[in-house]
1. In region 320-359, how many are farther than 21 Å from residue 304 by Cα and either part of a helix (DSSP H, G or I) or among the polar types (S, T, N, Q) (or both)?
2. Quick one: what pairs do we get from region 322-339, first residue in contact (Cβ under 8 Å) with a residue 40 or more places away in the chain and surrounded by 10 or more Cβ atoms within 10 Å (Cβ to Cβ), second aliphatic (A, V, I, L, M) and assigned to a loop (DSSP other than H, G, I, E, B), C-beta under 6 Å, 6+ apart or different chains?
3. Taking the residues in region 341-387 that are under 20 Å from the mean Cα position of the chain (by Cα) and hydroxyl-bearing (Ser, Thr, Tyr) as candidates, determine which candidate is surrounded by the most Cβ atoms within 10 Å (Cβ to Cβ).
4. Using the structure shown, decide if residue 526 is among the basic types (Lys, Arg), under 24 Å from residue 472 (Cβ atoms), at pLDDT 85 or above and out of contact with any Phe, Trp or Tyr (no Cβ under 6 Å at 6 or more places or on another chain).
5. Name the pairs: first residue in region 364-376 and aliphatic (A, V, I, L, M), second residue part of a loop (DSSP other than H, G, I, E, B), Cβ to Cβ under 8 Å, at least 6 apart or on different chains?
6. What's the number of the condition residue 431 fails, among (1) buried (at least 17 other Cβ atoms within 10 Å of the Cβ); (2) over 20 Å from residue 498 (Cβ atoms); (3) at pLDDT below 90; (4) among the polar types (S, T, N, Q)?
7. Determine which single condition residue 253 fails, assuming it passes every other condition in (1) at pLDDT 95 or above; (2) exposed (fewer than 15 other Cβ atoms within 10 Å of the Cβ).
8. Of the conditions (1) surrounded by fewer than 16 Cβ atoms within 10 Å (Cβ to Cβ); (2) in contact with a Phe, Trp or Tyr (Cβ under 7 Å, 6 or more places away or on another chain); (3) of a type in the set (A, V, I, L, M), residue 451 clears all except one; give me its number.
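The values are calculated or read from the model by the stated rules, or taken from the named source; none is laboratory data. Because the structure is a prediction, the values reported are computed rather than measured. Neighbour counts run over all protein chains shown; Cβ positions are idealised from the backbone, glycine included.
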Amino acid sequence: MMASQMAILTRTRMLVRVNQIKCISTFSALSQEPQLAEPTHVTDTQTTPLPPNPASGSPLYHENWRNPNASQNSASLAQSLVPLGLLSQSPAHRIQYLSHSLDAPALMNHFADLMTQQRWTDIKELFEFWVRSLDKNGKPNKPDVNLYNLYLRANFMIGATAGDLLDFVAQMDDFALVPNTASFNLVLKAMRQAKETVASEKLLERMLQGGKESLPNDESYDLVIGLLFEMQQIEAALKRIDMALESGYKLSLKVFTECVASCIKQGRLDTLVTLIERCKKTDQNRALYPNWSLCNYLAEVAMQADNSKLLFYALEFMAKWIARGENARPPFLLSVDEGLIVSALATAGRTYSSNLLDASWAILRRSLRQKKVPSPESFLGKIYALASLGNLQKAFGALHEFETAHGSSIDEAEDMFSPFTSLYPLVVASSKKGFETLDSVYYQLENLSRADPPYKSVAALNCIILGCGNIWDIERTYQTFDAISSSFGLTPNIHSYNALIYAFGKLKKTFEASRVFEHMLSLGVKPNAKSYSLLADAHLINRDQKAALSAIDEMVTAGYIPSKETLKKIRRRCIREMDYEWACFSILIMALNMPHRFSDLFYIGNIKSDDWHSPGSAVAVPMNLMTMDATNVPELTVEAAPFIS
């Protein structure tokens with residue numbers, strides 16, 4: 001063992017020695033530093049360029065998370081991930097490639113991407129290639145109903161007709177598929193575009209007769225009903241709406257609006273009321289209401305037809321719009337025109353609808369938003385409606401509100417609180433049952449005068465006075481007039497005296513009526529036009545046309561203009577008393593005193609204005625006519641004034 005080790009060591013030393021031997025050579029030592037190669041004179045060779053700058057040439061340089069706009073250029077990145085071989089292929093080859101490589105779920109996702117890009121033709125072609133291809137198991141690809149509906153949708157968007165879509169639906173049997181509601185809805189959309197009403201109704205019936213998968217839904221009914229309304233087939237559309245409501249489906253806002261507009265156009269207001277009532281009974285259709293402008297138009301049509309229910313629903317729709325605007329952010333404030341509310345109150349009075357009255361007043365208050373008080377016309381409309389309903393307590397309460405809001409308007413108070421005009425509905429309601437209602441109202445007013453705070457109203461008492469005059473009860477009339485100052489501590493106004501004159505004149509107590517008029521003048525109360533007219537009527541009832549003419553003459557002198565009705569009464573009384581000269585004389589004297597009323601006076605006398613101005617006519621008037629009496633006007637006879645005959 002020792003010998004072998006020594007032999008190995010000996011050999012190692014021998015190798016080291018051999019390597020240390022210096023060889024003799026005649027060549028000089030070569031330098032180990034790199035040297036440039038000598039240039040070669042080649043004319044056709046080119047230098048190899050450096051790689052491009054990443055900041056200027058690479059399309060992916062900016063596609064990193066540091067760039068905020070990287071998402072906008074994601075399409076180029078996505079395209080770079082597509083195999084280059086697929087991009088270099090034609091669209092047909094690309095579709096064929098995808099049809100062999102995608103299964104049903106992947107194809108559905110790919111269709112979703114194509115739909116966002118509106119590439120309907122690619123969807124159609126890819127589906128047709130895919131169903132003719134084999135899956136990974138070597139079996140033909142079989143779509144489900146949702147995938148086939150995407151194919152139907154693609155054909156519809158491309159412009160396929162309803163007949164083509166029906167053929168495609170029939171081909172679903174080849175794939176053992178049952179068309180569902182979505183499949184038929186696509187066909188209904190094509191039928192609506194083509195305005196095929198008969199075919200759409202037949203298809204809807206087919207859906208109703210099919211299984212659960214093909215039963216029509218909200219969209220199905222909306223498509224058919226909307227098409228029927230568009231083609232002015234109101235009866236058929238209302239029938240389908242009835243079916244939809246019975247089945248519990250929800251109508252779209254568009255269909256509901258079209259229904260309202262069509263019913264208004266056709267004058268089917270009662271049918272519209274029934275439809276609205278049915279919609280209000282279902283939870284899903286209770287919130288339906290047309291647009292704001294259609295609500296206003298609906299209200300106007302309902303008022304013209306005196307349809308209180310339809311007007312109530314129109315105001316209810318407006319209230320929903322007002323609430324919607326107030327709850328919006330930012331809010332938009334809507335208000336109902338006060339003139340429309342006044343007309344609605346009048347309709348409530350004519351139709352005896354308390355619901356319409358309450359709704360009208362509530363929506364008026366909400367529209368004013370406590371920034372202003374209702375107008376006098378609104379208060380009068382409310383009083384009229386309450387009086388028509390026979391609710392005298394609320395009617396006089398409304399009168400109290402009216403006086404509180406507008407009682408200080410001295411210039412207009414004479415007309416606003418007149419029992420002969422604005423408050424006459426309250427007079428009629430108070431005397432409807434004779435002295436029973438009149439006494440009841442009077443005692444209520446008497447109790448209110450002792451309440452805390454007390455309520456005392458001359459206008460309310462004037463209604464009682466005139467009401468007593470209407471029932472020919474002069475005693476109650478005079479007692480109520482006297483109670484104004486004695487029991488209530490108020491001062492009678494011009495309407496109080498006029499009501500008393502009216503009561504005396506109606507019973508042919510002309511002397512008492514004249515005494516009331518003279519007493520009024522002695523107290524400094526200025527008579528109005530109604531005072532003179534009532535005094536003239538009292539004389540006419542007593543067949544004293546000359547005294548009536550004297551009252552009218554005083555009326556004209558005071559600056560008031562007699563009404564046509566008063567002038568007709570005078571002419572009629574003159575004719576009945578065969579006092580033709582006074583009839584002609586009265587007309588002409590009034591014409592001279594009222595030149596701006598020529599047309600009215602000549603209309604009453606049937607005299608042409610051309611004859612009046614003609615100097616040579618038989619009815620020419622001398623300049624000093626005012627100083628003449630009837631005997632000095634011989635030309636104004638029956639022959640000269642044909643209106644007397």
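1. Here the count works out to 9.
2. Pairs found: 322/334.
3. Among residues in region 341-387 that are under 20 Å from the mean Cα position of the chain (by Cα) and hydroxyl-bearing (Ser, Thr, Tyr), the one surrounded by the most Cβ atoms within 10 Å (Cβ to Cβ) is 360.
4. Details: among the basic types (Lys, Arg): yes; under 24 Å from residue 472 (Cβ atoms): no; at pLDDT 85 or above: yes; out of contact with any Phe, Trp or Tyr (no Cβ under 6 Å at 6 or more places or on another chain): yes.
So residue 526 fails the test.
5. 364/336; 364/374; 368/335; 368/374
6. The single condition residue 431 does not satisfy is (2).
7. Result: residue 253 passes all but (1).
8. Of everything listed in (1) surrounded by fewer than 16 Cβ atoms within 10 Å (Cβ to Cβ); (2) in contact with a Phe, Trp or Tyr (Cβ under 7 Å, 6 or more places away or on another chain); (3) of a type in the set (A, V, I, L, M), residue 451 misses just condition (2).
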